[in-house]
Amino acid sequence: MLQASVVIIAKNEAHVIGNTLKSLSGLTDDIVVCDTGSTDNTIEVVKAAGCRAEQIPWSGFGNTKNNALGLAKYEWVLFLDADEAIDNELKNYLLTLDLKDTSVVYKIKFKNYFGNRLIRYGEWARECKTKLFSRKYTKWNDNEIHETVITPAGGKEKILEGYIIHQLIDNIKEYAEKINRYAELVAQKYYRDGKKAGFFKLYIYPCFQFLVNYFIRLSFLDGRLGFITSYFSSYYAFIKYHRLKELTINSRQ
């Protein structure tokens with residue numbers, strides 16, 4: 001068994017969390033799912049899988065994840081989202097990992113899926129995030145959104161073998177709604193930070209995002225799928241900066 005806890009933040013994830021927990025079977029004796037107010041049967045699914053369910057309040061992505069760290073049994077924590085299963089290569093590698101150097105933070109590569117199709121090109125084919133670290137050495141920053149693990153001075157990053165299997169897009173309508181929610185949070189953060197949305201950010205940058213992903217990052221090789229993923233990258237940039245512009249204008253009235 002890996003001498004590390006798996007910590008997962010969840011809300012209304014009953015439809016996906018069972019698959020994630022199944023992929024973790026045999027990895028560790030401490031899997032804790034921190035529920036932030038589910039109204040479906042997420043907690044029942046977690047308990048049926050033999051995992052620990054804890055209920056915590058939502059206080060933004062960074063702070064909520066840091067609060068969840070305090071519920072882990074072990075010093076080392078593998079932090080996953082509810083729809084992030086691990087493949088067998090990653091599980092086997094984790095089981096051989098020597099977790100002695102607390103100054104190391106481990107990154108894991110992603111395989112992102114649109115339905116049952118793997119996204120092979122573009123921005124979402126390059127994801128690699130810090131997922132395993134010592135909670136005594138580091139933590140998440142307190143960003144309300146786009147939170148990251150802090151790597152202190154002198155810390156080292158290493159990439160693990162294997163992949164996280166992530167169901168990035170299952171339903172286009174639901175994903176568009178998710179992007180709108182994220183864009184609103186980011187726009188509000190930008191506004192608080194005093195950022196501005198000029199002509200370039202409003203009109204050129206979204207187009208640039210599409211062109212970079214579709215042509216330079218070769219999303220066109222994914223066919224229709226590549227067009228959709230490139231479009232969503234552009235759409236996200238467009239929405240967050242136009243919402244920032246609205247917030248700025250409204251503040252002057």
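Every read-out reported here was derived from the displayed coordinates using simple, explicitly stated rules and does not represent laboratory data. None of these values were measured; they are calculated from a predicted model. A quick note on method: Cβ atoms are made from the backbone with ideal geometry, for glycine too, and the neighbour counts reach across all protein chains shown.
Before moving on, here are some points about what is shown:
- P(r) weight above 28 Å for the chain, C-alpha pairs, percent: 39 percent
- Theoretical gain in end-to-end length, Glu144 to Glu161 [0.36 nm per residue, Cα-Cα removed]: 3.1 nm
- For region 61-67, the Karplus equation 6.51 cos²θ - 1.76 cosθ + 1.60, evaluated at θ = phi - 60°, returns couplings of 4, x, 5, 5, 5, 5, 5 Hz by residue, with Gly and Pro reported as x.
- Based on alpha carbons, the Rg and Dmax found for region 43-142 are 15.2, 38 Å.
- Extending 7 Å from the Cα toward the beta-carbon at both Gln253 and Lys178 defines two label points whose distance is 3.2 nm.
- Distribution of pairwise C-alpha distances over region 163-203, 5 Å bins, in %: 5, 19, 15, 19, 16, 13, 10, 3
- For the pair Ala153 and Gln3, a Förster radius of 22 Å applied to the C-beta separation gives a FRET efficiency near 0.25, rounded to the nearest 0.05.
- Fluctuation leader among Ser219, Ser233, Ser59 - the chain, Gaussian network, Cα springs under 10 angstrom: Ser59
- If you take all other residues with their beta carbon under 11 Å from the beta carbon of Thr42, and give Lys and Arg +1 and Asp and Glu -1, the sum is -2.
- Taking only the C-alpha atoms of region 172-251, Rg followed by Dmax gives 13.6, 44 Å.
- Only Lys, Arg, Asp and Glu carry charge here, each on its Cβ (+1 for the first two, -1 for the last two); on that basis the chain has a dipole of about 880 debye about its Cα centre.
- Here the convex hull built on the C-alpha positions of region 1-93 has a volume of 85 cubic angstrom per residue.
- With the simple spin-label model, which puts each label point 7 Å out from Cα in the Cβ direction, the Asn88 to Asp40 separation comes to 2.8 nm.
- Charged neighbours of Lys107, selected by a Cβ distance under 13 Å, balance to +3 (K, R count +1; D, E count -1).
- Once both labels are positioned 7 Å from their Cα atoms along Cα-to-Cβ, the gap between Glu54 and Phe200 label points is 4.4 nm.
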